[in-house]
1. Of the residues that make up region 38-54, is at least one within 14 Å of Leu22 (Cα to Cα) and part of a strand (DSSP E or B)?
2. Look through Leu15, Leu50, Leu5 and report the one residue that is buried (at least 17 other Cβ atoms within 10 Å of the Cβ) and either of a type in the set (A, V, I, L, M) or at pLDDT 95 or above (or both).
3. Which pairs have Cβ atoms under 7 Å, sit 6 or more apart or on different chains, and link a residue in region 67-84 that is over 10 Å from Lys18 (Cα atoms) and free of Cβ contacts under 8 Å to residues at least 12 places away in the same chain to one that is surrounded by 16 or more Cβ atoms within 10 Å (Cβ to Cβ) and among the basic types (Lys, Arg)?
4. Using the structure shown, decide if Asp37 is surrounded by 13 or more Cβ atoms within 10 Å (Cβ to Cβ) and either among the acidic types (Asp, Glu) or modelled with pLDDT of 95 or more (or both).
5. Does any residue of region 61-72 turn out to be modelled with pLDDT under 85, among the basic types (Lys, Arg) and over 13 Å from the mean Cα position of the chain (by Cα)?
6. Given the conditions (1) at pLDDT below 95; (2) assigned to a helix (DSSP H, G or I), which single one is not true for Ser78?
7. Anything in region 69-106 that is of a type in the set (Ser, Thr, Tyr) and either buried (at least 17 other Cβ atoms within 10 Å of the Cβ) or closer than 13 Å to Phe28 by Cβ (or both)? List them, or say none.
Amino acid sequence: MVCTLGIAQVNKQYLGNKKKTLVIKTKFYASHCLNCDSCKTLIINSIMELKGIQTAEVDFIKKIISVVYNGKFTDEKSILAKVNKAGYRANSSKANLEQRKQLLHACKP
């Protein structure tokens, strides 16, 4: 069951005892991202594809993505790769040019 809570999604199926929290520093390329639901949705949906994700939340003002996940099903490296695949920086890992080309025109650097 997936519930949408504003900019966060909660997947109740993966609540468990191996719960971990990951805070990812990111960079948003355009000021419009502060008010763009499609940018938030793109990032969250990419992360939520992974098995074991409990919640994913984007804070454009603080430039962070917070993820709570079950370490039995996924890991930090996989989550960072999903953020990159969505076209965004994840900590020190940058999205490559091809990934950034997938962003909406207004979101591109």
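The values are calculated or read from the model by the stated rules, or taken from the named source; none is laboratory data. Since the model is a prediction, treat every value here as computed from it, not as a measurement. In this analysis, Cβ positions are derived from the backbone assuming ideal geometry, glycine residues included, and neighbour counts consider all displayed protein chains.
1. Taking every residue of region 38-54 in turn, at least one turns out to be within 14 Å of Leu22 (Cα to Cα) and part of a strand (DSSP E or B).
2. After applying the criteria, what remains is Leu50.
3. Matching pairs, first to second residue: none at all.
4. No, not satisfied.
5. Among the residues of region 61-72, not one is modelled with pLDDT under 85, among the basic types (Lys, Arg) and over 13 Å from the mean Cα position of the chain (by Cα), which makes the answer no.
6. (1)
7. Tyr69, Thr74, Tyr88 - these are the residues of region 69-106 that are of a type in the set (Ser, Thr, Tyr) and either buried (at least 17 other Cβ atoms within 10 Å of the Cβ) or closer than 13 Å to Phe28 by Cβ (or both).
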